[in-house]
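Any read-out appearing in this document is the output of simple, stated calculations on the displayed coordinates, not a laboratory observation. Quantities reported herein were computed from a predicted structural model and do not represent experimental measurements. We place every Cβ from the backbone using ideal geometry, glycine too, and count neighbours over all the protein chains shown.
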Amino acid sequence: MVIDAPGYLLRLESGIAAGAALLPNGFAQPHREYIERCMLPDGGFAGRRGGSDIYYTAFGLRAAALLGVSSPGFWERAGSFVVQAGARAAGTVECFSTLAAARPLIERAGAQASGPLGASLSVAARPVLENLSRGGPSAEGPDKEPTLYGTFLAMHCWGMIGQPMPDGDEAARFVLAHRQADGSFSDSGARQSGTNPTSAAVGVLSAAGALDEETAAGAARFFGRMQDGTGGSLAHGKAPAADLLSTFTALVAAVEVRGLHMISLGDCGRFARELACDDGGFRAARLDDESDVEYTYYGVATMGLLAGIAAAGAPSRCRCADEPGCCEATD
């Protein structure tokens, strides 16, 4: 079985980017300025504990690409950090982060991608590929148990270098072994299905051409159940509150399983907008009091997806259909 990682990645990224291009400048500008403020002097981005980190740098640069950041020196400084951090990548998460951070840099290098920047990034990517080859399709790092999330990230890594994911049969079998009776998915040892594991499983099975109608329909119903009264999605059925990561991944997977009719898109958009800070950036959840670059990417990407869905006229199960324009993601 061949897992078309490049095809899936292209479909996902192009959908998000096309929708983000529709977002009005009044929405994008504060977040653009926020991302620029968050870049540290070494060209990297930090999480809430401080210090440049390739994981957060990848999110910062992906958000910057969606928002069209073009400040002088921004991408050059980022390139220097990514080249240095990539050489130290270990484990699937760092491999994914390195390649995801390098991707917009290569795109902006254009014809120069085969020059010094492209050559340096190729060197930085070498340990990434070696690590993936050693770790297998599902490993998130040395001595760690395989997970659905790790499998999904590994698939993305192969997609970002333009290659189908090796050992496709093994990866698909691993994913299907975690399918529950209702079409949702849970990782080994988990007591219940989760939004993010189910979204990861949907992505891998879709890329493998192994997403049957019954599983797709079950996953769509699960995503509908995970949307709570705030419009956001819960990480799992017993989660105390909805969060922006789960909302984003549920929306991505709902597109893939043609299950948008199970989600109130207007409520989803309002939930995401509520987490946007006045001075830019997004928070993770309602009770969170601080923004960061990871959730800023999720926020911008969610709003981009919703804008694209609205432009395409996709159906929505909206809980507030009497409110004019309630399903407009950009209102």
Based on the mean of other beta carbon atoms within 10 Å per residue, what is the order of 292-302, 176-186, most packed first?
292-302, 176-186
Alpha carbon centre of segment 248-265 versus segment 62-78: separation in Å?
29 Å
What's the extension gain from Glu107 to Arg49 if we count 0.36 nm per residue and subtract their Cα-Cα distance?
17.9 nm
What's the FRET efficiency of Glu213 with Met1 using the Cβ-Cβ distance as r and R₀ = 22 Å, to the nearest 0.05?
0.75
Could you give the nm distance between label points at Ser71 and Asp289, where each point is 7 Å from its Cα heading toward the beta carbon?
2.7 nm
Long-range share for segment 173-230, i.e. C-alpha pairs more than 15 Å apart as a percent of all pairs, stands at 41 percent
15 Å cut-off, amide nitrogen to a point 7 angstrom out along Arg191 Cα→Cβ, residues in segment 214-250:
236-240
Quick one: if you take sqrt(5λ) for each eigenvalue of the C-alpha gyration tensor of segment 157-293, what semi-axes come out, biggest first, whole angstrom?
27, 17, 14
Given the Cα-Cα distance of Ser80 and Gln29 and 0.36 nm per residue of separation, how much length would full extension add, in nm?
15.8 nm
With charges only on Cβ, +1 for K and R and -1 for D and E, what is the dipole size of segment 29-76 about its Cα centre, in debye, rounded to 20?
200 debye
Measure of compaction for segment 204-278 (Cα Rg per 2.2 N^0.38 Å)
1.12
Give me the percent relative contact order of segment 253-309, please, defined on Cα pairs under 8 angstrom at least 6 residues apart.
26 percent
Could you order peptides 267-276, 71-80, 163-172 by the average number of other Cβ atoms within 10 Å of their residues, highest first?
267-276, 163-172, 71-80
Please get the size of the charge dipole for segment 1-58, origin at its Cα centre, with Cβ charges of +1 on Lys and Arg and -1 on Asp and Glu, quoted in debye to the nearest 20.
180 debye
So what is the relative contact order of segment 159-244, in percent, for Cα pairs below 8 Å that sit 6 or more residues apart?
24 percent
Gyration tensor verdict on segment 12-93 (Cα atoms; rounded if a/c is under 1.5, prolate if a/b is larger than b/c, oblate otherwise):
prolate
